[in-house]
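Below: one structure, written as structure tokens.
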Amino acid sequence: MKYFILDNNTVQKLNLCNNNLEMNEKNLFYLSEALKINNTILQHDIAYCDLGENEKNMLYLSEAIKINNTIQQIILYCNNLGINEKNFLYLSEAIKINNTIQHLDLSGNDLGENEKNMLYLSEALKINNTILQLDLSDNFLGNNENNMFHLSESLKINNTFQNLQLSSNYL
């Protein structure tokens with residue numbers, strides 16, 4: 001996979017949905033290394049890959065997001081990212097730095113189960129001014145009242161959102 005991404009200069013949408021990348025940490029490492037230098041992929045779909053099971057997966061991916069300056073859309077739907085707060089710490093640090101992502105789908109990741117997840121993400125959203133669409137649907141944000149407080153604090157500062165999805169959060 002690494003060489004395909006490195007050698008290809010025409011692919012704009014990369015869909016790796018439902019590939020259980022967590023089963024092979026090495027694959028995600030190679031993918032992330034390739035994404036650091038790829039300048040054609042605009043949309044990256046990594047839904048249903050169980051990335052949250054191994055915190056190194058999000059560390060690798062987040063390092064690539066920090067460096068890549070072409071990715072505009074990242075779909076991380078249903079990856080169990082909420083089970084480990086370091087996943088959102090790594091991702092949030094990347095979001096603070098990246099200035100090309102316009103659409104970020106974090107739905108279905110049990111983000112609301114740990115207050116620190118939303119705290120980290122909200123701090124990043126205060127800094128990032130390129131994300132126009134954010135999908136936080138189906139994350140149990142209503143499980144902790146501070147989750148919505150943190151999000152509202154970031155919305156006071158960030159005025160770039162055009163579409164914020166919060167459905168199915170038991171608010």
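The values are calculated or read from the model by the stated rules, or taken from the named source; none is laboratory data. Remember, it's a predicted structure, so these values are computed and weren't measured experimentally. Cβ sites come from the backbone with ideal geometry, for glycine too, and all protein chains shown count toward neighbours.
Out of curiosity, is Leu61 aliphatic (A, V, I, L, M) and either part of a helix (DSSP H, G or I) or buried (at least 23 other Cβ atoms within 10 Å of the Cβ) (or both)?
Yes: the conditions hold for Leu61.
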Per the list (1) touching a strand residue (DSSP E or B) at 6+ places or on another chain (Cβ under 9 Å); (2) part of a loop (DSSP other than H, G, I, E, B); (3) among the β-branched types (Val, Ile, Thr), residue check on Ile74 breaks on (2)
Given (1) of a type outside the set (A, V, I, L, M, F, W, C); (2) farther than 22 Å from Leu16 by Cα; (3) crowded, with 22+ Cβ neighbours inside 10 Å; (4) out of contact with any Gly (no Cβ under 6 Å at 6 or more places or on another chain), Asn117 misses just (4)
Going through region 131-156 in order, the residues found to be touching a residue at least 12 places away in the same chain (Cβ under 8 Å), acidic (Asp, Glu) and at negative phi are Asp135, Glu153
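Each row is one residue, and each column tells you yes or no for (1) buried (at least 23 other Cβ atoms within 10 Å of the Cβ); (2) more than 13 Å from Asn117 (Cα to Cα); (3) under 11 Å from the mean Cα position of the chain (by Cα); (4) without any contact (Cβ under 8 Å) to a residue 24 or more places away in the chain.
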{"site": "Leu51", "(1), (2), (3), (4)": "yes, yes, yes, no"}
{"site": "Lys66", "(1), (2), (3), (4)": "no, yes, no, no"}
{"site": "Asn69", "(1), (2), (3), (4)": "no, yes, no, no"}
{"site": "Gln72", "(1), (2), (3), (4)": "no, yes, no, no"}
{"site": "Ile75", "(1), (2), (3), (4)": "no, yes, yes, no"}
{"site": "Asn79", "(1), (2), (3), (4)": "yes, yes, yes, no"}
{"site": "Glu93", "(1), (2), (3), (4)": "no, no, yes, no"}
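Got at least one residue in region 63-83 being among the acidic types (Asp, Glu), modelled with pLDDT of 95 or more and out of contact with any Pro (no Cβ under 7 Å at 6 or more places or on another chain)?
Yes, there is a match, as at least one residue in region 63-83 is among the acidic types (Asp, Glu), modelled with pLDDT of 95 or more and out of contact with any Pro (no Cβ under 7 Å at 6 or more places or on another chain).
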Within region 7-39, the residues that are closer than 19 Å to Asn69 by Cβ, of a type in the set (S, T, N, Q) and surrounded by 13 or more Cβ atoms within 10 Å (Cβ to Cβ) are Asn8, Ser32, Asn38
* To do: Restrict the check to region 107-122 and report whether at least one residue is basic (Lys, Arg) and within 16 Å of Gly52 (Cα to Cα).
  => yes
Would you say Asp110 is touching a residue at least 12 places away in the same chain (Cβ under 8 Å), surrounded by fewer than 24 Cβ atoms within 10 Å (Cβ to Cβ) and at positive phi?
yes
With criteria (1) closer than 23 Å to Asp135 by Cβ; (2) buried (at least 16 other Cβ atoms within 10 Å of the Cβ), Gln43 comes up short on (2)
Taking region 90-104 and keeping only residues that are in a helix (DSSP H, G or I) and either within 17 Å of Phe161 (Cβ to Cβ) or of a type outside the set (A, V, I, L, M, F, W, C) (or both), one is left with Tyr90, Ser92, Glu93, Ile95, Lys96
